[in-house]
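Novice: Structure provided below as structure tokens; questions to follow.
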Amino acid sequence: QVQLVTSGGGLVQPGGSLRLSCAASGSTFSINAMGWYRQAPGKQRELVATISGGGNIVYVDSVKGRFTISRDNAKNMVYLAMNNLNFEDTAVYFCYAEIMAYGRGTLEGYWGQGTQVTVSS
């Protein structure tokens, strides 16, 4: 069994900062890309940032310069540092990872449980 456990959401004022963490555990043989998505009320889930196994990073335009994605391969973790948060960043944030589990021959996508980020004054 492979699990992604997400933490770090919360309530923050505009201009504030939060750091999300996501840990992959279980029978993870290898991890390829990891990333963060978000879903605001009434909207579709959208990509926020991804980081490949080789460290290539992609951000959605709306978070460039404010959010930083990073990963710790030794700990099977991915992080999202969010600075200068604004009201439009309010959403449930989901961790995502492409993982090859032991005994499986292919990469499969896994999702974390989601964590609420609310930006409010």
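Novice: Take the residues of region 83-110 that are farther than 16 Å from residue 8 by Cβ and β-branched (Val, Ile, Thr): which is surrounded by the most Cβ atoms within 10 Å (Cβ to Cβ)?
Specialist: Looking at residues that are farther than 16 Å from residue 8 by Cβ and β-branched (Val, Ile, Thr), I get 99.
Table: residues versus (1) under 18 Å from residue 71 (Cα atoms); (2) charged (D, E, K, R); (3) touching a Ser or Thr at 6+ places or on another chain (Cβ under 7 Å).
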| position | (1), (2), (3) |
| --- | --- |
| 4 | yes, no, no |
| 9 | yes, no, yes |
| 12 | no, no, no |
| 16 | no, no, no |
| 21 | yes, no, yes |
| 26 | yes, no, no |
| 35 | yes, no, yes |
| 41 | no, no, no |
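Novice: Let me ask something additional. Within the bounds of region 66-74, is there any residue that is in contact with a Lys or Arg (Cβ under 9 Å, 6 or more places away or on another chain) and either free of Cβ contacts under 8 Å to residues at least 40 places away in the same chain or among the polar types (S, T, N, Q) (or both)?
Specialist: Checked region 66-74: no residue is in contact with a Lys or Arg (Cβ under 9 Å, 6 or more places away or on another chain) and either free of Cβ contacts under 8 Å to residues at least 40 places away in the same chain or among the polar types (S, T, N, Q) (or both).
Novice: Of the conditions (1) free of Cβ contacts under 8 Å to residues at least 60 places away in the same chain; (2) under 17 Å from residue 96 (Cα atoms), residue 6 fails just one. Which one is it?
Specialist: Among (1) free of Cβ contacts under 8 Å to residues at least 60 places away in the same chain; (2) under 17 Å from residue 96 (Cα atoms), the lone unmet condition for residue 6 is (1).
Novice: Mind counting the residues in region 44-65 that are within 23 Å of residue 15 (Cα to Cα), without any contact (Cβ under 8 Å) to a residue 24 or more places away in the chain and surrounded by fewer than 17 Cβ atoms within 10 Å (Cβ to Cβ)?
Specialist: 7
Laboratory data are not the source of any read-out in this text; all were calculated from the coordinates shown. On a predicted model such as this, the values are computed, not experimentally measured, just so you know. FYI the Cβ positions are ideal-geometry reconstructions off the backbone, even for glycines, and counts take in every protein chain you see.
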